[in-house]
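Beneath this line is the structure, given in structure tokens, with notes to follow.
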Amino acid sequence: MSHFLDINTTDPAALRAMIDQARAMKDARRGQPKGASDADQPLAGRMVALIFEKPSTRTRVSFDVGARQLGGQTMVLSGSDMQLGHGETIADTARVLSRYVDLIMIRTFEEATLLEMAEYASVPVINGLTNRTHPCQIMADVLTYEEHRGPIRGRKVVWTGDGNNVCASFIHAAGQFGFDFTFTGPPTLDPEPGFMEEARQKGVTAVIERDPAKAVDGADLVVTDTWVSMHDPQSARERRHNQLRPYQVNEALMARAKPDALFMHCLPAHRDDEATSAVMDGPNSVIFDEAENRLHAQKAIMRWCLGI
Ligand code: CP
Ligand code: NVA
């Protein structure tokens, strides 16, 4: 049994195997209806709990569909409807759920909630996003990059905007998959320095460049995300918009990257804030492939967690 809590704490060989298996499972389904069962049914007889303490479209639907394609059953639980949201401890919730289900995916606020769930559950726990990281998203993004452009090792990835949870998992992936990472954004929204240092110690370049045009110079992949995340106070909205506007991904910025550079955004997006519609719908954008690949990547993650 293995928890999937973060990319930096998962063995690089295991991460690589998950990406390769995701790609093989995706290939094997080509031409099938979305609801068709996979030829292999490794989750047959298994129950998956999907807990959400924050809103979700992609994570919710892709985990639910993915578990079913693998032959499993699912239940989607809202944190606020559970006793968890009314004072029952995370530890007790973890121990109770472990008596009913074979796998738990949780989207929550504090990372401590995820870690406590993993500590007390006797079944695998998957991180479906915390305030700090979003590893499932970046597994899908690595799969997406490699489908379009081949190995991500040695490439230059540029993150522009808020150094948030999705950015953190991209930095983790830089160290584990061996690509170079540049952050460009205002100093108040820098990613955690420890994450950048950890990537450097794994032998890749991880740098901050305040000038977005210089940062994107020669990029193979340009990535951004919403300027205000679900855990950010709405009162921060106006200040963040003012701070982040210079880091918008528009056609002028993309023109500084390599001509075949890809553009990614985990979605949901605020069109014409962090990225223009011209870029989001342009020839370099792979945003909907990323969304689809959540499904394939997470099927491989669930199989790895259960060792099946
Ligand atoms: N990208 C992502 O995790 O989307 P949802 O919030 O819709 O799950
Ligand atoms: N950074 C965003 C990602 C949403 C998928 C948030 O946490 O709201």
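Using bins of 10 Å that start at zero, the share of Cα-Cα pairs per bin across region 217-289 amounts to 20, 51, 25, 5, in whole %. Placing +1 on the Cβ of every Lys and Arg and -1 on the Cβ of every Asp and Glu, with no other charges, gives the chain a dipole of roughly 580 debye about its Cα centre. Under 37 °C and 0.692 mPa s, how fast does region 168-239 diffuse according to Stokes-Einstein, given a Kirkwood radius computed over C-alpha pairs? Answer in µm²/s, whole number. In µm²/s, the coefficient is 247. Projecting label points 7 angstrom from Cα along Cα→Cβ for MET1 and ASP92 puts them 2.1 nm apart. Over all distinct Cα-Cα pairs of region 80-186, the Kirkwood formula returns a hydrodynamic radius of 15.5 Å. The percentage of C-alpha pairs in the chain whose separation is greater than 24 Å is 51%. A simple spin-label model places the labels of LYS34 and ALA252 3.8 nm from each other, with each point 7 Å out along Cα-to-Cβ. Just so you know, the averaged projected area of the alpha carbon convex hull for region 117-169 sits at 5.0 nm². Note: relative contact order over region 49-206, using C-alpha pairs below 8 Å and six or more positions apart, is 16 percent. A Stokes-Einstein calculation at 10 °C with viscosity 1.306 mPa s, built on the Kirkwood radius of region 61-117 over Cα pairs, returns a diffusion coefficient of 128 µm²/s. Charging the Cβ of each Asp and Glu at -1 and of each Lys and Arg at +1, and nothing else, the dipole of region 23-112 about its Cα centre rounds to 500 debye. Rg of the Cα atoms in region 186-308, relative to 2.2 N^0.38 Å, amounts to 1.19. With a Förster radius of 22 Å applied to the C-beta separation of SER122 and MET82, the computed FRET efficiency comes to 0.75.
Once you have all Cα-Cα distances for region 1-152, histogram them in 5 Å bins from zero and send the whole-percent values. Histogramming region 1-152 at 5 Å steps yields 2, 9, 17, 22, 21, 15, 9, 4, 1, 0 percent. Spatially, region 145-216 and region 60-98 are offset by 32 Å when compared through their Cα centroids. Per-residue ellipticity at 222 nm, computed for the chain from helices alone with -39500 (n - 2.57) per DSSP H run of at least four residues, works out to -12000 deg cm²/dmol.
Relative contact order, percent, of the chain when contacts are C-alpha pairs under 8 Å separated by at least 6 residues?
Numbers: 612 pairs, mean separation 63.0, N = 308.
Answer for the chain is 20 percent.
FRET efficiency for the pair ALA44 and TYR100, taken as 1/(1 + (r/R0)^6) with r the Cβ-Cβ distance and R0 = 30 Å, rounds to 0.95.
Read the figures in this text as sums done on the coordinates, not as results from a lab. Only a predicted model underlies this, so the values are computations on that prediction, with no experimental measurement involved. We place every Cβ from the backbone using ideal geometry, glycine too, and count neighbours over all the protein chains shown.
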